[in-house]
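What follows is a set of notes on a single structure, which appears directly below.
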Amino acid sequence: MKPCRAFMAGLLVFLVFIFPVSFGWGLDGHFTICKIAQSRLSRAAADAVQRLLPEYANGELANVCIWADRIKFRYRWSSALHYVNTPESLCTYQYARDCKDENGVEGRCVAGAINNYTSQLLTYKTRSSSSQYNLTEALLFLSHFMGDIHQPLHVGFAEDKGGNTIEVHWYTRKQNLHHIWDSNIIETAEEKFYDSSVNGLIDAIQMNITKEWTDEVEEWVKCNSKTIACTDIYASESIRAACDWAYKGVTEGATLAAKYFSTRVPVVYLRLAQGGVRLAAVLNSIFG
Ligand SMILES: [Zn+2]
């Protein structure tokens, strides 16, 4: 290895260790949420999304839903926008108390980011050619953060960085609790039930939305605040699920396997479904 490449590789390892990154739902989680959302868009919203999507998305919002994670190192300022933490292991969420970054800058959390990109996208209809916003990036950020806020451990405790510092075993492998909720539960479900296919998972969740959850879907998109996205509701549900399911009974070094999987996988399905349905509702009212 050339000295320069060795240095870069060393730097990368160093960065990974000093920034224990929380990536949000993994690739398949974000893909699922955006796939569900795109299937529920109104004509106007679908047209606007097509116009704003970058060419490499091939007309599929789901293909670029992970973009916000991929550009974290280029847009360093955006790292704090993927989550929000509660202090003192509290199982409740309050925007004014919790939505700030490590430097205490207010509004710099996933809820603030959703509000910000929602209002940027509202300029779509009135935009002139000199719009001050990059609406393609706004769409990709919003679609990603609507997913993240539904991952229970993206509204977790500050003291363990949303489960990132809790080391456990997922079956036989070492893993941190946050990653189990980002990816492992989803991957295990795909392996066990759908021949390792994300499309099988999406079909199953879509089926639940139209059958099992039909009565609840209307409730999911109700929003009594003045904002288009009801981030208080989404974040409060997430910290509740984090306390009731993600953290519950988990101690450092524990082995989480079949029992944890079978009791938590319904929660993951529900959050993916709610993320997708609500993202569609938000995009429909922005572009409607
Ligand atoms: Zn994220």
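The values are calculated or read from the model by the stated rules, or taken from the named source; none is laboratory data. Bear in mind that the values here come from a model prediction, so they are computed numbers and not experimental data. Please note: Cβ atoms are built from the backbone with ideal geometry, for glycine as well, and neighbour counts cover all protein chains shown. Ligands, DNA and RNA are stripped out before the accessible areas are found, and what is left, the full protein with its side chains, is counted by its heavy atoms. Shrake-Rupley method; radii C 1.70, N 1.55, O 1.52, S 1.80 Å.
If you roll a 1.4 Å probe over the heavy atoms of the protein chains, what accessible area per residue do you get for the chain, in Å²?
49
Name the long-range amide H neighbours of residue 86: under 5 Å, sequence gap of 5 or more, or other chain; modelled H, no Pro or chain starts.
Result for residue 86 returns 156, 157, 158.
Per q in 0.10, 0.16 1/Å, what log10 I(q)/I(0) does a Debye calculation on the alpha-carbon atoms of the chain return?
These q points yield log10 I(q)/I(0) values of -0.52, -1.34.
Defining a contact as two alpha carbons under 8 Å apart and six or more residues distant in sequence, what relative contact order in percent does segment 135-186 show?
This gives 23 percent for segment 135-186.
Over all pairs of distinct alpha carbons, what does the Kirkwood formula give as the hydrodynamic radius of segment 44-131, in Å?
Numbers: mean 1/r = 0.0656 Å⁻¹.
Computed over segment 44-131, the radius equals 15.3 Å.
How large a share of the accessible area of the chain, in percent, is made up of carbon and sulfur atoms when the probe is 1.4 Å and the other protein chains stay in place?
Taking all protein chains in place, the chain shows 54 percent carbon and sulfur surface.
Say the cut-off is 24 Å between C-alpha atoms; which of 100/174; 100/161; 100/222 go over it?
On the way: 100/174 31 Å; 100/161 14 Å; 100/222 26 Å.
From 100/174; 100/161; 100/222, over 24 Å: 100/174; 100/222.
Specify the residue with the greatest mean-square fluctuation among 132, 206, 50, computed from a Gaussian network of the chain linking alpha-carbon atoms under 10 Å apart.
Judging by the Gaussian network model, the answer is 132.
Just to be sure I understand: with springs between alpha-carbon atoms less than 10 Å apart, which residue in 258, 37, 68 has the highest mean-square fluctuation in the Gaussian network model of the chain?
258
Rounded to the nearest 500, what is the 222 nm mean residue ellipticity of the chain from helices alone, with -39500 (n - 2.57) per DSSP H run of 4+ residues and division by all residues?
The per-residue figure over the chain is -15000 deg cm²/dmol.
List the lysines whose Cα lies under 18 Å from the Cα of residue 192, skipping any in the same chain that are fewer than 8 positions away.
Answer for residue 192, where 18 Å is the Cα cut-off: 259, listed by chain and number.
Name the residue, out of 29, 107, 276, whose mean-square fluctuation peaks in a Gaussian network model built on the chain with Cα pairs under 10 Å.
Of 29, 107, 276, the Gaussian network model singles out 107 as fluctuating most.
Hey, what did segment 38-186 get for relative contact order, percent, Cα under 8 Å, at least 6 apart?
22
Tell me, what HN-Hα J-couplings in whole Hz come from the Karplus equation 6.51 cos²θ - 1.76 cosθ + 1.60 at θ = phi - 60° for each residue of segment 48-57, using x for Gly and Pro?
In residue order, the calculated couplings are 5, 4, 4, 5, 8, 4, x, 4, 5, 6 Hz.
Any idea what the relative contact order of the chain is, in percent, if you count C-alpha pairs under 8 Å spaced at least 6 apart?
Numbers: 407 pairs, mean separation 80.8, N = 288.
Relative CO of the chain lands at 28 percent.
So which trypsin sites (Lys or Arg not before Pro) in segment 217-288 are both in a DSSP loop and have at most 10 other Cβ atoms within 10 Å of their Cβ?
When the trypsin sites (Lys or Arg not before Pro) of segment 217-288 are filtered for loop state and at most 10 Cβ neighbours within 10 Å, 222, 226 remain.
Using a 1.4 Å probe on the protein heavy atoms only, what accessible surface does residue 171 show? Give it in Å² to the nearest 10.
My reading of the accessible area for residue 171 is about 80 Å².
Between residue 225 and residue 240, what is the spin-label point distance in nm, taking each point 7 Å from the Cα along the Cα→C-beta axis?
Modelled inter-label distance: 1.5 nm.
Roughly how big is segment 126-253's charge dipole about its Cα centre, with Cβ charges of +1 (Lys, Arg) and -1 (Asp, Glu), in debye to the nearest 20?
300
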